[in-house]
There are 2 protein chains.
Amino acid sequence: MSPKHTNNMKATFIYKIFFICITAIVSLSGCQTGDGPADNKPPNFVIIFADDLGYGDVGAYGHPTILTPNLDEMARAGQKWTNFYVAASVCTPSRAGLMTGRLPIRNGMCSSKRRVLFPDSNGGLPESEHTIASLLKTAGYATACIGKWHLGHLPRFLPTAHGFDHYFGIPYSNDMDQQFPEGVGYHEGCKDPKPGYFNPPLMRNTEIIERPAEQSTITRRYTQEAIRFMEDKRDQPFFIYLAHSMPHVPLFRSKEFENRSLRGIYGDVIEELDWSVGEILAALKRLELDEHTLVVFTSDNGPWLIFDDHGGSAGLLSGGKGGTYEGGMREPAIFWFPGTVKPQVVMDLGTTMDLLPTFCSFANIELPGDRIYDGYDLSPALKGTGGSSRDVVYYYRGTEIYALRKGAFKAHYITQGEYGGPPKTVHDPPLLFNLLLDPSEKVDIAGNHPEVLLEMQKILDEHRSGLIPAENQLEK
Amino acid sequence: MSPKHTNNMKATFIYKIFFICITAIVSLSGCQTGDGPADNKPPNFVIIFADDLGYGDVGAYGHPTILTPNLDEMARAGQKWTNFYVAASVCTPSRAGLMTGRLPIRNGMCSSKRRVLFPDSNGGLPESEHTIASLLKTAGYATACIGKWHLGHLPRFLPTAHGFDHYFGIPYSNDMDQQFPEGVGYHEGCKDPKPGYFNPPLMRNTEIIERPAEQSTITRRYTQEAIRFMEDKRDQPFFIYLAHSMPHVPLFRSKEFENRSLRGIYGDVIEELDWSVGEILAALKRLELDEHTLVVFTSDNGPWLIFDDHGGSAGLLSGGKGGTYEGGMREPAIFWFPGTVKPQVVMDLGTTMDLLPTFCSFANIELPGDRIYDGYDLSPALKGTGGSSRDVVYYYRGTEIYALRKGAFKAHYITQGEYGGPPKTVHDPPLLFNLLLDPSEKVDIAGNHPEVLLEMQKILDEHRSGLIPAENQLEK
């Protein structure tokens, strides 16, 4: 018998023992599930939401000098979606879409004048709206909103009025409540903020507990708050909406992350967010909740390009925050739920408005039948049992549809510079791009596909005919 | 005793058995290394080289609709370099740089008129040049060149004249030996090739064995040839230069990959290359050579943007093939050598010219002292014991330096449209970009950094003063 055969036999024997051990361990671990959440308990949900993060700002999405090992590993162990959108390319309407599963035009959270809520705004998300939190509460979920809200800062609009048991965070953008000395402009103030330039409050529930919010520790404190909440609520289903204030300008990060990244302060900030993601996932594992929790990472809109190196990158996509080219509204989106979400790259269409119906599906909650939902249940795609049902994306700017995606194709009916730049331009025929072949929107193929444009016009007409715009909340 | 304690004790017991088993398996597997290559055998080297692949065309580098699971896993298990360059933004000089470890200006393989070799060229890589293959042969390596050569197709310039025991491939670009009917232009012919449009030969060693080369099976046949060579030579050290003809236009892929990708034919082609990478790595594992082989994946230059969806994407980088913006010369670069290359994302500078000194270092071969090498030994960075020694990249276009990178900074002294586009423009002062903060080369900061420009001018002056351009091979 050659040495090779001997080795093979040895190997076979050892592998058999190994297999028996593994089987025993798995069976015994099974006994322990009594200590963890019962199988009939619905899963926990955690949304980790960045602010102004670009499609290209994460290692797994191609950034060359920002290191995001935790997000990369999350993407590998979970699903990396590459055609995932937000409801609008600026903060307030985007968040309204996520939180309600409905286009912001349906709840008044968009306007073609003021694009977001400001500290002097009197409007907010109407009381009549159901949020992810208020729906999950009907199934006994503990709910926490941690971070940026930006759906109304008056008491009747705050998270605590919208289904969240707890709120801790800056209620609107971290560049608000500005007070610049003479001669300092907004852009300059954001890129080199001095004490007193920005004075947003930090709130707990409905109370202001700190003003100005100390922003250099804000990512760390949001993270710690989320982990404390998971620890406290580990025995009941919970929903955490962890909406980071970063990387919106002015950029802040904790001492530990200063000069950590080759990408400068913006890279430091993203690397601290990546640290935060790592902490959240590690805490879930420590609490033995990882196989009972769906974690979603995404952002509210694309990078704010006017800020150069204080803004992010949309990678290969055109445009950024504020606009309806892909860079404004397509975002990194990572779904992680070990044992349930099938690890793969997903090229199907999805949006933040789909999270509400998806969570309700996982939690066996029926959607209220008294209103139109714009979201789709993505759970089959997440489990790998089917594809996404979504085939259409509307690119609203304020109350107007600027562009429409149907399958591979995207038509731009109107284009406009994001902040300055080219003025509003109506295109007839519209510009048409095949986003699967041409994600950077370079080659207009409208002339070759009149049939596609016709089909898209029908979708638009149908959408508009059923649409009743809600009272504008942003001009109040 | 509570049930939890009982479970913990059971778990501890089982984990102990598990640990003992693992230890036993590891020890026994150790016995098997006698079957594999001895520890003092130098490692094998495999370069998998794509043609015109863009920085953004691989999943791990951010492409949204091209699926590359094998390259992504190779990047995860190995090193993903994000600041890795080629010696020139077109084929012939780029390959001359890789093969010799020297700038093409030093061996005449660049010209400011004809940018590459053509079927009517009489020049090629001079006999006086040492190649990776000829150096490795001095240490007993078996050497194979499979695929595109493009360093001279006359017998005295072929791979077999430059240190390769075997050659199998199309000796120049797959769009050469053109014969279009009247009314068909080059661009049109490439995007919709009909039989007879392209008639390049397929060679084995110095013989033409097929003409025109059947290109729809070319990726598959190159791959099979490489695997056969590994199988044949598994008992001696080997070097395989697997230089795919794809994704250079005209694009071809095998039946199995037709309409496989959402990214159209270009995506099909890349997904077949990804399949090829998977086959190579799987064969190395099957032959138990994976821990004895350094595999490098990269490309010769950026995407050929004039071909729209038949060309690739440079991702977030500007420009493409033919130019000296980043998109022309920065490439995906993945190093894989299980147990030796430390898995991580590497942001250090590297180039294809560094492969020759790196391989020589791994194989304990001293570099010839009679000539200047432009490459650096990257082995410390690969092993994780140090960083790359490279701090400077020259961006030659033909025989002229158009741009220079020093650390984070890149100065453009001359810019020019890649194929058409803006004419040659001299910049004084040069354009200056910080590539770590601004990889897309958007924000010119020359005005803020006169000291950087001065330092770069010194580097240029020194480089030029020591440089003796070789006789031009491309105009022969």
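If both residues of a DSSP beta bridge must be in the protein assembly as shown, then about 55% of such bridges are antiparallel. Checking every one of the trypsin sites (Lys or Arg not before Pro) in region B:55-120 against DSSP loop status and a limit of 11 other Cβ atoms within 10 Å picks out B:K113. The alpha-carbon of A:K406 sits under 17 angstrom from the alpha-carbons of these lysines, leaving out residues fewer than 8 places away in its chain: A:K458. Label positions at A:T385 and B:V426, each projected 7 Å from the Cα along the C-beta direction, are separated by 7.0 nm. With 20 Å as the limit, the listed pairs B:K113/B:K321; B:K383/B:K410; A:K442/B:K442; A:K148/A:K321; A:K255/B:K342 have B:K383/B:K410; A:K255/B:K342 beyond it between alpha carbons. Under 5 Å from the amide H of B:T293 lie the amide H atoms of B:N44, each residue being 5 or more positions distant or on a separate chain, with H modelled from the backbone and absent for Pro and chain starts. Once the Cα atoms of helix A:91-100 and of chain A are each reduced to a long axis, what angle between those two axes, in degrees from 0 to 90 to the nearest 10, is obtained? For helix A:91-100, the angle is close to 50 degrees. In whole Å, what is the distance between the alpha-carbon centres of region B:50-119 and region A:266-294? Centre-to-centre distance over Cα atoms comes out at 36 Å.
Counting only aspartates and glutamates at least 8 places from B:K191 when in the same chain, those with an alpha carbon closer than 14 Å to its own are B:D175, B:D308, B:D309. A straight Cα-to-Cα reach below 16 Å connects B:K137 with the aspartates and glutamates B:E127, B:E129, B:D165, B:D235, B:E366, residues fewer than 8 places away in its own chain not being considered.
Computed from Cα atoms, the angle from the helix A:450-465 axis to the main principal axis of chain A rounds to 80 degrees.
Global dimensions of region A:423-476 from alpha-carbon coordinates: Rg and Dmax equal 15.3, 45 Å. Amide H contacts for A:Y396 (H built 1.01 Å from N in the peptide plane; partners 5 or more residues away or on another chain; cut-off under 5 Å): A:Y402.
Using only the alpha-carbon atoms of region B:394-465 as identical scatterers, what base-10 log of I(q)/I(0) does the Debye formula give at q = 0.17, 0.19, 0.23 Å⁻¹? Cα-only, vacuum Debye calculation for region B:394-465: -0.62, -0.78, -1.10. Rounded, prolate or oblate: which fits region A:150-206 when a ≥ b ≥ c are the square roots of the eigenvalues of the alpha-carbon gyration tensor, with rounded for a/c under 1.5 and prolate only if a/b beats b/c? Prolate.
For region B:44-391, a Kirkwood radius taken over Cα pairs fed into Stokes-Einstein (37 °C, viscosity 0.692 mPa s) yields D = 166 µm²/s. What separates the Cα centres of region A:335-396 and region B:138-166 is a distance of 54 Å.
Annotation: amide H-H contacts under 5 Å for A:V58 (H modelled 1.01 Å from N, sequence separation of 5 or more, or interchain): A:H63. In sequence order, region A:271-283 has phi-based couplings of 5, 6, 4, 5, 4, 4, 4, x, 5, 5, 5, 5, 5 Hz under the Karplus curve 6.51 cos²θ - 1.76 cosθ + 1.60, θ = phi - 60°, and Gly or Pro positions carry x.
Calculate how many DSSP beta bridges within region A:44-391 are antiparallel, expressed in % of all such bridges and rounded to the nearest 5.
35 percent
Can you give the Rg to Rh ratio for the protein assembly as shown, taking only C-alpha atoms and Rh from Kirkwood? Radius of gyration relative to Kirkwood radius: 0.98. Computed from Cα positions, the angle between helix B:218-232 and the longest principal axis of chain B comes to roughly 50 degrees.
Cβ crowding within 10 Å, taken as a proxy for footprinting-reagent exposure, orders B:D120, A:D309, B:D354 from fewest neighbours to most as B:D120, A:D309, B:D354.
With no solvent and one equal point scatterer per Cα, compute the Debye intensity ratio I(q)/I(0) for region B:329-409 at 0.19, 0.25 Å⁻¹ and report its log10, rounded to two decimals. These q points yield log10 I(q)/I(0) values of -0.93, -1.35. When the alpha carbon coordinates of region B:139-284 are projected onto the principal axes, the ranges are 53, 38, 19 Å, largest first.
A short reminder: the numbers here are calculations on the coordinates, not readings from a lab. These numbers were taken from a predicted model, which means no experiment stands behind them. We place every Cβ from the backbone using ideal geometry, glycine too, and count neighbours over all the protein chains shown.
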